[in-house]
Amino acid sequence: MWNNIIYILGGLKLIGALYVTTIVFSLPLGILFSLGEISKKRALSKIIQVYTWVFRGTPLLLQLFFVYYGLPVFGIVFAPFTAAAITFVINYAAYFCEIFRGSIQGIGVGQYEAAKVLGMSYSQTMWRIILPQALITALPPLSNEGIALIKDVSIVSVISMHDILRNAKEVVAREFTITPFVICGVIYLALSTIIVLLFKKLEKKVSF
């Protein structure tokens, strides 16, 4: 049993690497896309709206299949981890974009007027006044996405990547017992709990 637990836990390295990669790249992209969506440049805004519509409206698993199995048809081949990272970053950036857009648009117009009186440009107003407040109000939905990401990472097992779920399935197939699935569930529950606690601590720290 102990050896099986160690083997299943071996998938944590993959989960951690993919989780961090997704967060590091998708958060900044989400912010930039949200600014583009609310900009006065209609063409840019429409393009981003279509992007979020497509990637929020289609299954993440389908997107992963397209990147890993579909793009090679056009001569574009990625290693499993690279394909997964690209898919997750693009997908979650679309969700973060809508979260940040809602948070930015929820800031009162008085904030913009006050910044204008102080002689700030639009970009200065955004980066110094609006975005810091929007990031705070966006924390609860970001927490939900952070938990969803941990669970979504499990789909990489379909492209032969050894996360904890795939490792658990291998043990089940070898020993004909469902105990590894229980262990896998406990691990995911523990990871989700850690993320929830981290976000709650962060929300408490930045709350006014």
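Only the coordinates and a few stated rules stand behind these numbers; no lab work does. All values reported here derive from a predicted model rather than from experimental measurement. Glycine gets a Cβ as well: all are built from the backbone with ideal geometry, and neighbour counts include every protein chain shown.
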Rounded to two decimals, what ratio of Rg to Rh does the range 1-97 give with C-alpha atoms and a Kirkwood Rh?
1.10
So what J values fall out for the range 3-10 if you push phi through Karplus, 6.51 cos²θ - 1.76 cosθ + 1.60 with θ = phi - 60°, rounded to Hz, Gly and Pro as x?
4, 5, 4, 4, 5, 5, 5, x
If packing is taken as the mean number of other Cβ atoms within 10 Å per residue, what is the order of 77-83, 91-97, 139-145, 193-199, highest first?
91-97, 139-145, 77-83, 193-199
At 7 Å along Cα-to-Cβ for each site, give me the label-to-label distance between residue 133 and residue 116 in nm.
1.5
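Scanning the chain for trypsin sites (Lys or Arg not before Pro) in DSSP loops with at most 16 other Cβ atoms within 10 Å, what's the longest stretch left with none?
The longest uninterrupted stretch comes out as 42-208.
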Each residue of the range 51-65 in order: what ³J(HN,Hα) in whole Hz does its phi give by Karplus 6.51 cos²θ - 1.76 cosθ + 1.60, θ = phi - 60°, with x for Gly and Pro?
4, 5, 5, 5, 7, 8, x, 10, x, 4, 4, 4, 5, 5, 4
Karplus 3J(HN,Hα) series, Hz, for the range 70-82 with 6.51 cos²θ - 1.76 cosθ + 1.60 (x for Gly, Pro):
x, 4, x, 4, 9, x, 9, 10, 10, 5, x, 5, 4
For all pairs of alpha-carbon atoms in the range 13-160, what percent lies in each bin of width 10 Å, listed from the first bin to the last filled one?
11, 36, 31, 15, 6, 1
